[in-house]
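Presented below is the structure to which this report refers.
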Amino acid sequence: MTWHYPTFAFAFVFASIIALLVAIVALRRRNVPGSVTFALLMFGVAEWSFFRALEAMAVQMPAKILWGKLEYPGIVSVPLLWFIFTLEYSNSPRWFLRRRYIALLWILPIITTLLTWTNEWHGWIWSQILPGDNPIDFIIYEHGFWFWIHVVYSYCLMFIGTLQLLRDVLRFPQRYREQIGALLIGAALPWIGNALYIARLSPLGLDLTPFMFAASGVIYALSVFRFQLFELVPVARDVLIEKMVDGVIVLDTQDRIVDINPAAFALVGAHESVIGKHIEHVVTNQSELIGRYRDVKEAQTEIAVGEPDTRHLDLRISALYDKQDQYTGRLIVLRDITERKRAETKNQALFDAIPDLVFQYDANGTCIACNSVRHDGSVLASAATVGKSVDETLPPALVTLTKSNIRRTLETGQVQSYEYSLPIEGHEHYFVARMEVCAPNEVITVIRDVTERRRLEAELRRINEQSQIQLEQIEDLQTMLHDQAIRDPSTGLFNRHYLDETLERELSRAKRSARPVSLIVIDIDRFKTIREEHGHRAGQLVQQALANLLRDQSRLADIACRIEEDFVMVLPGAGSDVAMRRAEQWRATFAEMPIPFEGTDLLATISLGVAVYPFHSETGNGLLRAAEQALAEAKSSGRDCIVMYQTSSATN
């Protein structure tokens with residue numbers, strides 16, 4: 001084998017090395033969603049670029065074609081891996097990533113690779129391979145029809161993947177603009193390179209796509225380290241979180257800040273640049289507090305921060321888990337309760353300034369103080385409640401609950417939280433109560449109406465259920481569209497596209513099992529005359545009658561198709577005798593079948609041509625041509641008969 005070493009070939013080698021290094025880096029972060037698929041994507045780019053370099057270095061035409069064929073595993077896998085990577089990165093619904101769906105997506109790339117390796121037999125990928133006058137890479141590929149099917153499929157995958165990224169990155173806050181830029185640039189480069197090559201606009205006819213994918217890999221790798229692309233994707237949230245009065249901080253497993261809302265910015269005195277930093281480097285004046293809760297996954301307490309202007313905060317820590325119940329970090333909610341603390345010390349003077357219901361009880365359940373709050377048109381007046389026992393002011397079911405919490409709070413000294421519901425003006429209202437010791441033998445209870453929150457939660461559940469129903473409807477629609485793509489709309493039989501897919505598969509199966517396959521082409525005699533004399537509707541009824549006959553008198557393994565005006569039956573496992581017997585059964589039955597039409601019965605006959613694998617042909621196209629020739633002989637022999645290929649006798 002003779003070699004030459006053009007300069008641009010080393011550029012392909014360099015692209016292959018870069019892609020390989022990026023893949024290795026990604027594998028080291030295999031616990032990050034999408035990293036393994038990203039690594040496989042870069043391996044595909046490396047394989048593609050490497051064999052493209054060998055193709056450029058080879059001198060003889062056969063060697064160039066060999067290396068060109070070996071590029072195709074990378075060529076066909078890169079767009080699909082890109083699509084899968086975007087799904088994983090954007091946390092798409094898990095049913096999208098089920099193995100059976102991913103396996104279906106691999107069917108066309110595998111077929112394309114096999115067709116490339118066997119191109120000499122059919123020319124579907126490269127219809128012609130000619131020497132060119134290009135001084136750098138002197139070979140010209142004229143592409144066959146399957147190549148364009150592969151191009152459309154690959155472009156669809158790349159386009160959908162890019163749209164997925166655009167949809168996701170547009171949801172990110174402003175502080176993630178670096179990630180957004182990296183994603184968009186990385187997505188655009190392969191599009192540009194491949195489009196230039198397909199349009200024959202690339203320099204000297206070079207396929208720049210592997211260069212562009214390698215460049216995208218470098219961009220994403222830099223994003224991993226500099227912008228923490230795979231680690232600092234914002235936790236899903238809506239406007240409610242952004243506008244919450246409570247401070248919200250999300251930490252990852254290494255206590256780095258992943259997300260923080262404006263209220264938390266104000267509470268900790270931070271700014272937007274804290275994203276990605278360890279919390280100890282942000283809240284530098286609370287090292288003792290951070291150390292106390294460093295390994296705590298669940299907690300609820302009150303803390304005091306800042307001097308001399310001390311602020312009291314209600315601190316809640318909750319563990320976060322993904323869909324696989326893997327620990328992913330912690331959620332910290334900070335509520336500033338300074339005003340409430342001041343209100344407790346000032347007692348009644350500030351009770352009416354807070355929106356919640358507030359009651360102060362002694363150990364016997366007698367109300368010492370309360371605030372006046374308007375609730376759904378009812379005023380809870382202090383004068384009507386103070387000095388009375390809970391037995392006099394509360395419903396019986398709530399009396400027992402309140403007394404037990406008063407006793408437990410005074411005995412333990414700990415905060416008690418509980419929930420209850422009450423019917424108010426014909427509607428059920430829900431409340432959350434928080435009780436704590438405020439003085440010796442006294443407790444204070446703060447009650448919040450959470451009816452609206454419950455309603456919103458129920459509405460969110462309803463929306464989620466509706467979304468699930470819509471997803472199921474989409475799946476049903478996809479199934480229906482697939483069925484429409486392979487069936488003739490007039491008769492319901494399979495179409496030519498399905499025949500082309502299945503015939504070669506059946507012949508391959510027959511070859512492995514040493515069994516015959518019969519193919520019968522059927523034509524309605526004088527069908528044009530029927531339509532001219534009785535109209536288009538009559539012709540449709542005759543075709544549908546024949547389709548129903550073939551469908552009803554077929555085995556499960558048989559394949560009934562309609563190709564333009566002809567009908568085709570594929571009979572796996574059937575030899576010539578069985579095929580002739582089945583054909584005669586259809587011919588005789590159809591000839592005697594009355595077809596109702598506008599108050600009368602139409603009668604028609606059919607002619608049939610039979611060919612048998614492997615006796616008449618070993619390929620699908622050859623077998624179909626043989627059966628069509630036999631049909632032509634049957635038509636010329638007087639119609640309403642059956643002819644076996646290369647057999648002059650007709651069966652009536």
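A few remarks follow.
- All positions within region 614-636 that are in a loop (DSSP other than H, G, I, E, B) and either among the hydrophobic types (A, V, I, L, M, F, W, C) or under 19 Å from residue 565 (Cβ atoms) (or both): 615
- Pairs, first assigned by TED's automatic domain parsing to the domain that holds residue 109 in region 67-79, second of a type in the set (D, E, K, R) and buried (at least 24 other Cβ atoms within 10 Å of the Cβ), C-beta under 9 Å, six or more apart: 67/52; 68/52; 71/52; 74/52
- Of all the criteria given as (1) of a type outside the set (Phe, Trp, Tyr); (2) touching a Phe, Trp or Tyr at 6+ places or on another chain (Cβ under 6 Å); (3) modelled with pLDDT of 85 or more, the one not satisfied by residue 53 is (3).
- Which numbered condition residue 98 fails, given (1) at pLDDT below 80; (2) over 27 Å from the mean Cα position of the chain (by Cα); (3) not acidic (Asp, Glu): (2)
- Any hit, region 495-518, residues being in the same structural domain as residue 571 (by TED's automatic domain parsing) and in contact with a Pro (Cβ under 6 Å, 6 or more places away or on another chain): yes
- Restricting attention to region 364-386, the residues being surrounded by 13 or more Cβ atoms within 10 Å (Cβ to Cβ) and modelled with pLDDT of 70 or more number 9.
- Residue in region 45-57 that is of a type in the set (A, V, I, L, M), under 23 Å from residue 157 (Cα atoms), touching a residue at least 24 places away in the same chain (Cβ under 8 Å) and assigned by TED's automatic domain parsing to the domain that holds residue 114 present: yes
- Residues within region 52-69 that are outside any loop (DSSP other than H, G, I, E, B), of a type outside the set (D, E, K, R) and touching a Ser or Thr at 6+ places or on another chain (Cβ under 9 Å), tallied: 4
- Evaluating residue 551 against the criteria (1) touching a residue at least 24 places away in the same chain (Cβ under 8 Å); (2) over 30 Å from residue 100 (Cβ atoms); (3) among the charged types (D, E, K, R) leaves one unmet condition, (2).
- Selection status of residue 479, under 30 Å from the mean Cα position of the chain (by Cα) and either at pLDDT below 85 or farther than 29 Å from residue 611 by Cβ (or both): yes
- Selection from region 262-299 of residues that are within 11 Å of residue 332 (Cβ to Cβ), modelled with pLDDT under 75 and either assigned to a loop (DSSP other than H, G, I, E, B) or among the basic types (Lys, Arg) (or both): 283
- Counted residues, region 616-642 - those being over 20 Å from residue 559 (Cα atoms) and not polar (S, T, N, Q): 8
- Qualifying residue in region 535-543 (condition: of a type outside the set (Ser, Thr, Tyr) and under 25 Å from residue 645 (Cα atoms)): yes
Table: residues versus (1) in a helix (DSSP H, G or I); (2) under 14 Å from residue 604 (Cα atoms).
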{"site": "502", "(1), (2)": "yes, no"}
{"site": "505", "(1), (2)": "yes, no"}
{"site": "529", "(1), (2)": "yes, yes"}
{"site": "546", "(1), (2)": "yes, yes"}
{"site": "570", "(1), (2)": "no, no"}
{"site": "574", "(1), (2)": "no, no"}
{"site": "580", "(1), (2)": "yes, no"}
{"site": "583", "(1), (2)": "yes, no"}
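Matching residues to (1) at pLDDT 90 or above; (2) more than 25 Å from residue 618 (Cα to Cα):
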| position | (1), (2) |
| --- | --- |
| 122 | no, no |
| 129 | no, yes |
| 136 | no, yes |
| 139 | no, yes |
| 147 | no, no |
| 153 | yes, yes |
| 158 | no, yes |
| 163 | no, yes |
| 170 | no, yes |
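Yes/no per residue for (1) in contact (Cβ under 8 Å) with a residue 60 or more places away in the chain; (2) touching a Phe, Trp or Tyr at 6+ places or on another chain (Cβ under 8 Å); (3) polar (S, T, N, Q):
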| residue | (1), (2), (3) |
| --- | --- |
| 581 | no, no, no |
| 600 | no, no, yes |
| 625 | no, no, no |
| 644 | yes, no, no |
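- Residue count for region 550-588, restricted to those that are small (Gly, Ala, Ser), surrounded by fewer than 22 Cβ atoms within 10 Å (Cβ to Cβ) and closer than 17 Å to residue 634 by Cβ: 2
- So residue 38, is it under 20 Å from residue 161 (Cα atoms), touching a residue at least 24 places away in the same chain (Cβ under 8 Å) and in contact with a Phe, Trp or Tyr (Cβ under 8 Å, 6 or more places away or on another chain): yes
- Considering only residues in region 399-425 that are more than 11 Å from residue 437 (Cα to Cα) and touching a helix residue (DSSP H, G or I) at 6+ places or on another chain (Cβ under 8 Å), the one that is surrounded by the most Cβ atoms within 10 Å (Cβ to Cβ) turns out to be 402.
- Odd one out for residue 89, checked against (1) in contact with a His (Cβ under 9 Å, 6 or more places away or on another chain); (2) surrounded by 21 or more Cβ atoms within 10 Å (Cβ to Cβ); (3) modelled with pLDDT under 85: (1)
- Flag if residue 554 is in a loop (DSSP other than H, G, I, E, B) and either modelled with pLDDT under 90 or out of contact with any Phe, Trp or Tyr (no Cβ under 6 Å at 6 or more places or on another chain) (or both): yes
- Pair list, Cβ under 7 Å, 6 or more apart: region 445-472 residue at positive phi and modelled with pLDDT under 85, other residue among the hydroxyl-bearing types (Ser, Thr, Tyr) and surrounded by 13 or more Cβ atoms within 10 Å (Cβ to Cβ): none
- Given (1) surrounded by fewer than 16 Cβ atoms within 10 Å (Cβ to Cβ); (2) in a helix (DSSP H, G or I); (3) in contact (Cβ under 8 Å) with a residue 60 or more places away in the chain, index of the condition residue 490 fails: (2)
The values are calculated or read from the model by the stated rules, or taken from the named source; none is laboratory data. Just so it is clear, the structure is predicted and the values come from calculations on it, not from any experiment. Virtual Cβ from ideal backbone geometry, glycine too; neighbours counted across all protein chains shown.
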